[in-house]
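Read the figures in this text as sums done on the coordinates, not as results from a lab. Since the model is a prediction, treat every value here as computed from it, not as a measurement. No Cβ is skipped: glycine too gets one built from the backbone with ideal geometry, and neighbour counts run over all protein chains shown.
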Amino acid sequence: MTDVQSNRPADQDEDQDTVWVQEVAFIDSVPRWMAMSFVFVVFVGTWQLVTSLGLVSPIILPTPLETLEDMIFVGKNLLTGGYMLGALWITIKEVIYGFALAIAIGFSLGVLVGETTFGEKAVMPYLVAIDTMPKVAFAPLFVAWLGFGIESKVALAAFIATFPIVVGTAAGLHSADENARMLFKTMGASRMQTLIKMKLPTGLPQIFTGLKIGAVGVMAGAITGEFLGGGRGFGELIRVAASQLNTPRVFSLILYLSLVGLALYALVTWTQRKVVFWHKERVGAYDA
Amino acid sequence: MNAAQTMDYAGAPLGAPVYELNNVSKTYARNLVVALQDVSLTLRKGSFTSVIGSSGCGKSTLLKIMAGLIPPTRGRVVLQGRPVTGPRRDIGMMFQQATLFPWKTAVENIVLPIEIRDGKAAAKKALEKAHDLMDVVGLKGFENVYPNELSGGMAQRTSICRMLITEPAVLLLDEPFSALDELSRDMMNMELQRICREQEATAFLVTHSIQEAVILSDDIVVMKPRPGRIAEIVKVDLPRPRTLHMMTTPEFGEIVDYIRGLLDKGENM
């Protein structure tokens with residue numbers, strides 16, 4: 001008999017039928033939406049408590065209700081085609097152009113680095129060096145080069161989002177195993193055939209991981225660009241509201257902005273599911 | 001081992017030489033490492049040859065040379081009268097892993113060699129033949145299934161079809177079933193024998209298992225390491241078709257013992 005059994009209370013050992021009841025942790029029996037709502041309620045409740053008790057100055061932290069009121073105000077403005085919609089549209093354009101540019105450049109560089117020895121030896125070290133720089137610091141340069149229009153924001157957004165896509169693509173191209181490479185050799189496949197029919201499809205999961213990280217970065221890039229380079233986008237609205245100490249407005253603008261980011265992320269995830277249908281990824285909250 | 005007249009699977013005398021290697025050597029690292037020394041070997045039409053030896057005996061180098069993946073340093077490598085200078089469509093190869101591509105269905109994986117060599121249109125035309133082959137290996141009904149849904153044995157059956165679709169003159173098998181469990185492995189070996197027989201294939205198998213080599217082969221090339229070379233070519237004169245039951249016979253045991261003796265000698269060198 002093992003220790004585990006001999007340590008058990010005697011009544012459990014002998015008096016009962018040996019029905020093994022598997023214990024289920026409480027959290028496992030709760031649906032996700034319920035668990036999420038719980039956290040939401042606790043978060044907002046704490047927030048309400050902290051603000052209504054006057055623990056924090058209303059200038060620093062508005063109450064949840066104030067924020068909600070402002071969200072309704074901003075929402076109305078957006079829905080009725082007010083000036084905020086124009087600003088949001090500018091930011092969305094920056095994000096879309098920036099992401100498209102990042103995909104084009106990132107994918108090309110990724111293929112260069114992942115497929116050619118020259119790229120791996122001569123180009124990759126520079127990419128790594130640039131990647132380790134704080135990319136936001138380039139914002140003033142982009143403004144100086146491209147002006148205060150959306151070009152400088154697109155550039156910064158693309159700049160930030162490019163590197164994860166390069167890395168994802170290069171890693172993806174390397175992920176084909178030795179057997180698959182050997183098989184393609186024995187079939188007499190050309191380099192191009194090997195790349196298109198084997199390495200790229202094999203690497204798609206990693207490429208999409210790069211795209212997802214890029215999708216998050218592109219948003220940060222666009223807003224940072226607007227903070228530092230002016231313009232008439234959503235970031236500018238946030239900056240102005242903050243300078244006026246209109247914190248409820250800052251909060252609600254950020255929340256609307258996060259919807260844009262979430263939509264982009266969801267678009268990438270949805271595309272991934274359609275394209276990489278064979279790759280069953282663990283689906284979590286991250287995958288929207 | 002003494003050999004009576006060697007027969008092919010159907011019991012007829014073996015055919016003409018298909019694959020010939022003549023004094024093939026391979027050295028690496030500026031001639032410092034000799035991976036393969038003076039290997040001479042003839043595979044005749046319809047025969048099954050296995051190569052066995054401890055690691056470092058050069059059997060995977062030999063297989064790569066025979067597949068046209070790497071050139072020999074010296075020696076002649078001739079398949080069907082033409083020297084092997086690179087991968088060829090009359091060479092079929094199978095690996096330890098099935099290596100099916102998950103974005104293609106089973107039947108699409110099978111016609112992949114045709115798609116690579118002759119294009120998409122030719123691959124489409126080969127679909128019917130792929131269906132027939134799947135029938136032969138017992139995969140009827142799984143044509144449009146993705147590899148994720150196939151078991152290990154089914155995946156290897158699919159890769160057998162992929163190897164056969166180009167009608168190769170020689171099948172090079174690199175421990176094809178070693179990733180399977182023992183029961184599936186025995187079954188797949190018997191399947192392999194049946195398929196080779198039906199297709200009148202000339203097969204060359206690299207294996208670590210003496211039993212597997214004996215139950216499948218007409219000739220067993222026993223190799224020894226450092227430098228990799230042939231110790232002896234053992235003829236197996238068990239009757240065809242072989243059955244798993246033969247593994248319990250004294251004759252089978254004798255051959256296994258004999259080969260084990262050769263391998264042990266090789267180890268001490």
When a footprinting reagent is the concern and you count Cβ atoms within 10 Å, what order do B:Glu108, A:Glu178 take, fewest first?
A:Glu178, B:Glu108
Per residue of B:97-110, what is the mean number of Cβ atoms on other protein chains within 10 angstrom of that residue's Cβ?
3
Which of A:Tyr256, B:Tyr28 has the fewest Cβ neighbours within 10 Å, and the rest in rising order:
B:Tyr28, A:Tyr256
At 10 °C and 1.306 mPa s, grab the translational diffusion coefficient of the protein assembly as shown from Stokes-Einstein with a Kirkwood Rh over Cα pairs, rounded to a whole number in µm² per second.
54
Given q = 0.12, 0.14 Å⁻¹, what are the Debye log10 I(q)/I(0) values for region B:55-125, with equal point scatterers placed on the Cα positions and solvent ignored?
-0.45, -0.59
Computed magnitude of the charge dipole of the protein assembly as shown (debye, nearest 20; Cβ of K, R +1, Cβ of D, E -1):
2680
Rounded to the nearest 500 deg cm²/dmol, what is the calculated helix-only ellipticity per residue at 222 nm for chain A, with -39500 (n - 2.57) per DSSP H run of length n ≥ 4?
-23500 deg cm²/dmol
Local net charge near A:Ala144, Cβ-Cβ under 14 Å (Lys/Arg +1, Asp/Glu -1)
0
Region B:168-226 and region A:42-67: distance between their alpha carbon centers, rounded to Å
74
Proximal charge balance of A:Pro164 [Cβ under 12 Å; K/R count +1, D/E count -1]
+1
Specify whether the C-alpha gyration tensor of region A:55-192 places it in the rounded, prolate or oblate class, a ≥ b ≥ c being the square roots of the eigenvalues: rounded for a/c under 1.5, otherwise prolate if a/b is larger than b/c and oblate if not.
prolate
25 °C / 0.890 mPa s Stokes-Einstein diffusion coefficient of chain B, Kirkwood radius on C-alpha pairs, µm²/s
128
Fewest-first ranking of B:Glu232, B:Glu115, A:Glu226, using other Cβ atoms within 10 Å as the exposure measure:
B:Glu232, B:Glu115, A:Glu226
Could you give each residue of region A:146-161 its phi-based ³J(HN,Hα) in whole Hz, using Karplus coefficients 6.51, -1.76, 1.60 with θ = phi - 60°, and x for Gly or Pro?
10, x, 8, x, 6, 4, 5, 6, 4, 4, 5, 4, 5, 4, 6, 7
How large is the Kirkwood hydrodynamic radius of chain A, in angstrom, based on all distinct alpha carbon pairs?
23.0
Pull up the cross-link candidates among the lysines for B:Lys265, meaning alpha carbon to alpha carbon under 30 Å and not fewer than 8 places away within one chain.
B:Lys26, B:Lys59, B:Lys64, B:Lys224, B:Lys235
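Let me know the charge dipole size of chain A about its Cα centre in debye, to the nearest 20, where only the beta-carbon of Lys, Arg (+1) and Asp, Glu (-1) is charged.
So the magnitude is around 1700 debye.
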